[in-house]
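Just so you know, all these numbers are worked out from the coordinates, no wet-lab data involved. Note that the structure is a prediction, hence the values are computed from the model and not measured. Methodologically, a virtual Cβ is constructed for each residue, glycine included, from the backbone with ideal geometry; neighbour enumeration extends over all protein chains shown.
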Amino acid sequence: MKLKDIGEFGFIKRIERGCLIRDGKVIRGIGDDCSVFKTSGEMAILLTTDMLVEKIHFLLSAISPYELGRKSLAVNLSDIAAMGGTPREAVISIAIPDKIDLAVLDGVYDGMKSMAKEFEVNLLGGDTTSSPEHVVINIALVGEALEDEILYRSGAGEGELIFLTGPVGSSAAGLDLILKGREMEGWEDLIEAHHNPYPHVKAGRIIAGIKAANSLIDVSDGVAADLGHICAESRLGAILEERMIPTTEKFRDYCRKFHEDSNHLSLHVGEDYVLLGTVFPGSANDLRAALESEGCEFHQIGHMVAEPGLKLRTRENSLESMATSGWDHFK
């Protein structure tokens, strides 16, 4: 069955069931020109949007529809996590080529609903349209946070420690494996990291709640690029310690086996969707304890400095300038 067999409004009816996870404050969900919902008066509203375009962000031949649905919502959840917020309501716009089977779309929405259920996010509707060739998915997500707990890229200070909430590089290695057509058996963890990232919303709320960190961002474009945003917004530089960058054993095995540049994959590619932030040295242990007590991770990887620019202290203890390069759609 194809989309043309049921039409736009038939498709809307098809996806409506299971979208409301929390209906207490929803006045109107799918089925009108706007969704309507109430918010808590003391909370600040967060709004983010991300677009995934076939052959730019994903390959339909390589990712399952279910994983694509999960990932399309996960990247937005990660943005809310990076501000220390709680995700709440989402609207989805999707452009669909005529060639796409309805079973594929069902799988995409099943994946979205699975991720939404895990994070108690309502899917309130959106827009559907045709596309001449490629699938395009755009999600806008609303979140909320107490105003004095929101974390920005601009809050870092000189001497603060830089940290990550998880390992990096595995998603990049998974993408590298796919693009180079290598045998996937034995590397399933890397493929999973790329196709099914898990947003660190819980870690973001812990970090915001104890008010120990001063800046935060999610690692979507790569550690170097995203730390570069913190440096630029905070008007500082940073030194990273190569020996302290957290990676998985499977990632290291992959780089050794195929002679890949581990620094490039772990620092300059991205889509890890862990959180990267800065914290006062005196508060680092409290932050580590708070995160680890809730099953989250804390990895110190460097510190902020007054001199602009990004540098890497190698395992041989030399200090090398480092480009703040990562994924850029237009370069």
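In terms of other Cβ atoms within 10 Å, Asp218, Asp50 run from fewest to most in the order Asp50, Asp218.
Calculate the tail of P(r) for the chain: the fraction of all Cα-Cα distances greater than 27 Å, expressed in %. Everything past 27 Å amounts to 47 percent. In degrees between 0 and 90, to the nearest 10, how far off the longest principal axis of the chain does helix 170-179 point, with axes built from Cα atoms? Relative to the chain, helix 170-179 is tipped by roughly 60 degrees. Within region 254-331, the chymotrypsin sites (Phe, Trp or Tyr not before Pro) that combine a DSSP coil assignment with at most 14 other C-beta atoms in a 10 angstrom radius are Phe330.
Residue order for Glu241, Glu271, fewest other beta carbons within 10 angstrom first, comes to Glu241, Glu271.
Near Leu161: Cβ cut-off under 13 Å, other residues only, Lys/Arg at +1 and Asp/Glu at -1. The net charge is -3. Beta bridges from DSSP with both residues in region 3-149: antiparallel share about 70 percent, rounded to the nearest 5.
Of all DSSP beta bridges confined to the chain, the antiparallel ones make up roughly 75%.
With contacts taken as Cα pairs under 8 Å at a separation of at least 6 residues, the chain carries a relative contact order of 21 percent. The alpha carbon gyration tensor of region 25-165 gives principal lengths a ≥ b ≥ c with a/c of 1.5 or higher and a/b no greater than b/c, which makes the shape oblate.
Within the set Lys71/Lys257; Lys113/Lys202; Lys71/Lys211; Lys13/Lys55; Lys13/Lys113, which residue pairs have Cα atoms separated by over 25 Å? In this structure, Lys71/Lys257; Lys71/Lys211; Lys13/Lys55 exceed 25 Å between Cα atoms. Relative to the current alpha-carbon distance between Ile150 and Lys211, full extension at 0.36 nm per residue lengthens the span by 21.0 nm. Applying both filters, DSSP loop and at most 16 other Cβ atoms within 10 Å, to the chymotrypsin sites (Phe, Trp or Tyr not before Pro) of region 114-190 gives Tyr152. Using the alpha carbons alone, the radius of gyration of region 153-322 stands to its Kirkwood radius in an Rg to Rh ratio of 0.97. An oblate overall shape is assigned to region 127-211, the ratio a/c of its alpha-carbon gyration tensor axes (a ≥ b ≥ c) being 1.5 or greater and a/b not exceeding b/c. The trypsin sites (Lys or Arg not before Pro) of region 96-149 that DSSP puts in a loop, and whose beta carbon has at most 16 other beta carbons within 10 Å, are Lys99.
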